[in-house]
1. What do you get for the angle between helix 230-259 and the principal long axis of the chain? Use alpha-carbon atoms, 0 to 90 degrees, nearest ten.
2. Only counting other Cβ atoms within 10 Å, I'd like 435, 476 sorted with the fewest neighbours first.
3. Per DSSP H run of n ≥ 4, the term is -39500 (n - 2.57); total these for the chain, divide by its residue number, and report the mean residue ellipticity at 222 nm rounded to 500 deg cm²/dmol.
4. If I model a spin label as a point 7 Å beyond the Cα along the Cα-Cβ vector, how far apart are those points for residue 466 and residue 386 in nm?
5. What FRET efficiency would be calculated for the residue pair residue 262, residue 111, taking the C-beta separation as r and a Förster radius of 22 Å, to the nearest 0.05?
6. Helix 359-374 sits at what angle to the longest principal axis of the chain, using alpha carbons and giving 0 to 90 degrees rounded to 10?
7. If the chain between residue 507 and residue 177 were fully stretched, how many nm would it gain, using 0.36 nm times the residue separation less the Cα-Cα distance?
8. Taking 0.36 nm per residue of sequence separation and subtracting the Cα-Cα distance, how much length would be gained by fully extending the chain between residue 473 and residue 360, in nm to one decimal?
């Protein structure tokens, strides 16, 4: 159902106030992200308008505010630079086609119900990734702030006599020192923006400025596909889709924690995908959930998705009415705003506690951060997630191996008296292997090792009473154990197979390899059978 179904006269006042307040917060960032991306201020503004409106209309998080953000801007800046250098004539069009394709990927993520999997990324990977983005933002703003790229920058007193540098540093200090309690009344970014613009108007300084934003609506651009860039376009689209998805769903979780409600992850991805697909058609940056702007919306009274839609419409109204006035906004203030954003999104809390955190987590965070800066964001995330999952699988396998046990006298003593009596009679003939809990593929090797160490001259009774899942790899391991016993002329008895385990076994026709009389409903039935042999 569309978000408009949430509309209520009882909530409209809160939605209007939430939208107005989040608009004030969003405007400087939309301008700054647009300029930093290389696509121009209007690309950031119309990202906030298009993705903000359609993600709220079709999304699954009531108060989410969508727009340009740090990670997506860094990624898009790299894509634009790369594509234009590789294809000067069609690179720009191909870059925005990537945004549209990323939206389609996001919609596919939602339709395939993959939303719940994107929030399972380990914290050290997220921390390293976001910290890396923060460093990239800081590096990207050094040249517009100080007039020289990082490689040529040498701090001297001469730098601080430059009017542009002085203005940028003053704005940065204002942002860093602006009291948090005042942000709820007037954001520091607005004060910096107004102050810098006023300084430019009143002074005779020749400072770099943003330039006017046209009051005309952006025109539709047909997708441009460059065959020589096919691999890069698909890879870049997946990166944009993944970044937007992570940002949006993390913001959705923040909304859940504030409101004690649950968002619809898959519906949210569809909404974000629609917004990004349309943004690409009109030459706007890709967008995603913006945590700070969303929290501002909630705190100011936003309740329903209407607040996000109004937020987009308010930005549109400001652009159509006052877009020409951006010609007086110095680039230095936008650089200061983003420089401050870069500082703030570095996970200082994690870095301060490195000495308290396990060495593996520290290494994972630091390596992800370094790869984000030195290699690229996709490689950093993929390698980080891969390594984190490998370690998680190993640890889970160790836990699951504890669920494999050969019954000793201690365990036998805890059995019901009738089963205990049967075991005492059959102690020289039967070994009981107990399998409990879920058994994944990481346990297969340990399972075979456990069985290889037991007395092969006894009949093996494998008890699945407490097993709820056996993966295909472990199923194959069990099959190999069964065949090994059968080749030696020995029997294996299977006990208490639940429907899920039977399904796992049926996938490889495992039960066809066992005499039906060796499969029992209960452990007692199997022991009685052995007692009659």
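1. 90
2. Values: 435 23, 476 15.
So the residues, fewest neighbours to most, are 476, 435.
3. Value at 222 nm, helices only: -20500 deg cm²/dmol.
4. Computed distance between label sites residue 466 and residue 386 equals 3.7 nm.
5. Details: r = 20 Å, r/R0 = 0.90.
It comes out at approximately 0.65.
6. With rounding to tens, the tilt is 40 degrees.
7. Length gained, residue 507 through residue 177: 112.4 nm.
8. 37.9 nm
Read the figures in this text as sums done on the coordinates, not as results from a lab. In this text, all values refer to a predicted model and were calculated from it rather than measured experimentally. Note that we place each Cβ from the backbone using ideal geometry, even for glycine, and neighbour counts take in every protein chain shown.
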